[in-house]
Amino acid sequence: MRMSLLARVHVAVTATVLALTVGAPTATVAQQPDIPSPEAFFGHPMGADRQLVDWDRLVAYYDTVGALSDRLVVERVGQTTLGNPFLVIWASSPENLAQLDQIKSRNDVLSDPRGHSQAQIDDAIANGKVVFLQGYGLHSTEVAGTQSAAEVVYHFATRTDAEMMEILDETVSVLVPGMNPDGTNIVTDWYDRWVGTEYEGAGPPELYHHYVGHDNNRDAFMQNTVESQYVARLLFREWIPQAFIDHHQMGAYTARIYLPPYAEPIRPGGDPLVWREMSWYGAQMAYKMDEHDLPGAIGAAIYSGWGHFGFHWITPFHNIAGMLTESASARLATPLYVHPDQLQGSRQLPEYEEQTTFPNPWEGGWWHVRDIVERQILATFSPLELAAKNRETVLRNAYNKAARQTRRGEEDAVKAYVIPAEQHDPLTMQKMVNKLLLQGISVDRSTGAFEHEGRAYGQGTYVVSTAQPKRGVVRWLLGRTFYPDNSYTRDRDGNPIRPYDMSTDNLAEFMGVHVVEATTPIEAPTTRQMGLVDPSGTVATGANGYVLDGRLNDAHEAVNRLFTAGATVRRAWRTGEGFRQGDFIVSADANIAVVRQIAEETGVDFHALEADAAGSTYPLSRQRVGLFQRHYGGNMDEGWTRWLLEDFEFAYATIMDEEILRGDLHERWDVIILPADSRGMMVNGRGDPSDTPPAYRSGFGDEGVAALEDFVENGGTLVTFAQAGDLPLQDFDLPVENAVEGMWGNEFWSPGSTLRMGVDNAHPFTYGMPRDALATYLAGGQVYETVRGAESARVRRLATYPERDVLQSGWLLGEEAITEKAAIVAVEKGEGSILMLGFRAQHRAQTHGTFKLLFNALQAQPSDMSAIAAGGGD
Ligand SMILES: [Zn+2]
């Protein structure tokens, strides 16, 4: 539905007024001849049509303005993934900037009042400053953010109006003017290359973060990328600001800007004041939009409060008002004409018409990046004005949020999450502890063995109390999670509405770490874990070399390093004296200095092997691994896989269509990985090539499919994740079907959940896995069943969903569609095999609990795989 005629007339009138008062905030910028405006510096206003300033020039501007202004401190906090400078800009009064340490001390008291006196708390409220972090340009094709930030910084440096002076005196702004500087350059270069051609405004063909692309906002709880680590240090450990805003863009055809608060449903367990603060700030932003005649602002719609654990959705559980703005997009920097008929509703905006949270619909027409820049600047400063005028209230509530969450934790049914020292993969457990520490969570370590609630725990068990300010983060990272199933998550016909992203973000479940809920306080003696855990492996030399535990993910990294060092490594296909099936055996002649260094750096113990294991092992060697990358649009699952392979030091090469089409793939590759992707994108390429330059349309076609089949027939190993399994399923004539093909909604639904599966760990593809594991299952995943009985001998089920209680965390409808069906199959074909993982075992490099399902496939396989795999397991 479209807006009424009356409303259109109204908007038409205000649009005229708008033209006269464009960028109202700039009207109050005083003349400061020393400090160049962005327009003077770059030669055009920020957000001008077809003008994007790249990161290098933005950095030059910030350095220039930072050197001239005593209201700014421009800090280089480190390098990005591709080596660009990552900046943080501190903006406040010169007096405040001169005493940031003292401001930080007071902020520390309020964000974690444990152990502080009432006098210290009162002092922090009376004399502290509101700390407010805002980030721009996390998603690089959402081009306005980095451009707006330059003008925001100019406002801070030059405005002398009363509102700005109060903001400078009462608040400290921490600005991250480019959350992904690499991507700003990637997109700017791409845009500039095609501007003025028929492909102007087309999306870039590569991920705009070297590894993770758009998923760079799904990383705040794991912090795999350096960019996430820089921001997390500020937000979760060093400062814990009172508010955080992440400025983004959304689709082009609904409201002009989404502002806080979030829509329903919200994830429970945060302090209520956090949600009230988001409404408070959001109301101020929306109010200011209409005060300045910028139509199209909406709140409490479109973005639900239960999302992934990226920065803006995890910060509420750090007691930070964690907010998002989402402006309508143009076509990169190219204006977009939006016909009124194209404007439509969204979540909690059932029709594109006036409603309480959307009283001023935009009427359509040309939409420019400058329109976004103006809204982002206003969305930056209006909440700061509010916080500055209410400084003591904001600070008192910072204290209240932290103190009340701690008290609630004392009263919670779960008093603590216990992470036993005894784990299937203790090194991965220690990595998880580090990830909790990187959230600024308090973690204690037992100094001796103890018993609690009838369980025995060893020394070095970790205890995470819920009675701490970050109780909410603790609960969601370690506690079992059920996504709400109610009228907010079902449409009128009862069909489930897809969650924004995952329906659980349980770190322990993703990482395969066993965690126990304690319902009574832990009495055992513990010490607070201060620094990150940095395990160092031991080395004991035996007559026949060393044994590495095949259950450790890091054993694969150790083996990869041993290959580099030229050491001889074998793998045990059966359990023997001093080793287990799946363990790695390193020959005694390995260079001892290298062995010690690998043990030290990976944490993997090198155990002494005395017995002769030769008859129980097969040789390993570095495999030739090809990771398929399609041309168009980048594939985040591919990027994350690349990240993961590099993190564990697997050798691999990226292969694209041209390499597939060369044929005879078995001569050059041992293993080819197809990351999760649709068959259509791999085979046919871009569906609508009209906006894609020809070189980037991709698709290896039927010829490529035949080359891959030939690769397997000739002894290659093909690994497919999730929907990439469609390629062998449809093209290779396999006796396997996808049991959930075409199912959705109440028939079968599992969006981003952890599902229980039983693992047959007696196969080289599953060595080192526990018998009970969790699959991280996303929509689009596959579940396998065998067809054509006679040929089923070629199919081996490696993991199977149980007959009931499949869901561990998240959301699952239609469980019966997958019970007792296969989560993973290995299919023999000719001389080779296809490992089909129906879920993403390497999802976002977060699912440590199933990494080995990929890693094993990248190690050499025994020459008589099926005979060996039948040899009995553990
Ligand atoms: Zn975005």
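The values are calculated or read from the model by the stated rules, or taken from the named source; none is laboratory data. On a predicted model such as this, the values are computed, not experimentally measured, just so you know. Positions of Cβ are backbone-derived with ideal geometry, glycine not excepted, and every protein chain shown enters the neighbour counts. The protein model used for the area step is the full one, side chains on, heavy atoms only, and it has no ligands, DNA or RNA in it. Shrake-Rupley method; radii C 1.70, N 1.55, O 1.52, S 1.80 Å.
Table for the structure above
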read-out	value
Hydrodynamic radius of the stretch 78-160 per Kirkwood, over alpha carbon pairs, in Å	15.5 Å
Cα long-axis angle, helix 391-411 against the chain (0 to 90 degrees, to the nearest 10)	30 degrees
Net charge contributed by nearby residues that have their C-beta within less than 14 Å of Val77 (K/R +1, D/E -1)	0
Charge dipole magnitude, Cβ of K and R +1, D and E -1 - the stretch 116-169, Cα centre, debye nearest 20	180 debye
Whole-number percent relative contact order across the stretch 420-576, with pairs defined as alpha carbons under 8 Å at least 6 apart	30 percent
With DNA, RNA and ligands ignored, accessible area of His339 (1.4 Å probe; Å², nearest 10)	80 Å²
Charge dipole magnitude, Cβ of K and R +1, D and E -1 - the chain, Cα centre, debye nearest 20	1500 debye
Largest to smallest accessible area among Arg771, Arg233 [probe 1.4 Å]	Arg771, Arg233
Nearest-20 debye value, the stretch 779-831 charge dipole, Cβ charges on Lys, Arg, Asp, Glu	180 debye
Helix axis angle, 369-389 relative to the chain longest principal axis, alpha carbon, degrees	80 degrees
Taking the stretch 154-289 and dividing mean pair separation by its residue count, relative contact order in percent (alpha carbons under 8 Å, at least six apart)	12 percent
Å² per residue, accessible surface of the chain at 1.4 Å	35 Å²
Heavy atoms of Lys470 accessible to a 1.4 Å probe, total area in Å² rounded to 10	10 Å²
C-alpha long axis of helix 55-68 to longest principal axis of the chain, angle in °	50 degrees
10 Å binning of all Cα-Cα separations within the chain, expressed as whole percents from 0 upward	2, 12, 21, 24, 20, 13, 6, 1, 0, 0
Radius ratio Rg over Rh of the stretch 768-867, counting only Cα atoms, Kirkwood formula for Rh	0.97
Share of carbon and sulfur in the accessible heavy-atom surface of the stretch 159-268 [1.4 Å probe, %]	49 percent
Scattering profile of the stretch 599-645 at q = 0.18, 0.31 Å⁻¹ [log10 I(q)/I(0), Debye over alpha-carbon scatterers]	-0.84, -1.12
